[in-house]
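Structure below; questions to follow.
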Amino acid sequence: MIFNNYLMTMNSYLMIINGYLIMINDYLIMPSIYFVLLKEYFI
């Protein structure tokens, strides 16, 4: 019973971490796209 509760809390933590990773991924991908566009325009 205690182990099942531990697994459920771990699952919720992983979901929260996954959400943060998706947010960070958006913030990292968007500037790289802008950088590529700027490089295409300037070269």
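No value in this document is a laboratory result; all are computed from the given coordinates. It should be emphasised that the depicted structure is a prediction, and the values quoted were computed from it without experimental measurement. Counting neighbours? That spans all protein chains shown, and the Cβs are built from the backbone with ideal geometry, glycine included.
Could you give the angle, 0 to 90 degrees to the nearest 10, between helix 2-42's Cα long axis and the longest principal axis of the Cα atoms of the chain?
Long axis of 2-42 versus the principal axis of the chain: about 0 degrees.
Using 12 Å as the cut-off for backbone N distance, which residues of region 1-24 belong to the label zone defined by a point 7 Å from the Cα of Leu37 along Cα→Cβ?
Zone members listed by number: none at all.
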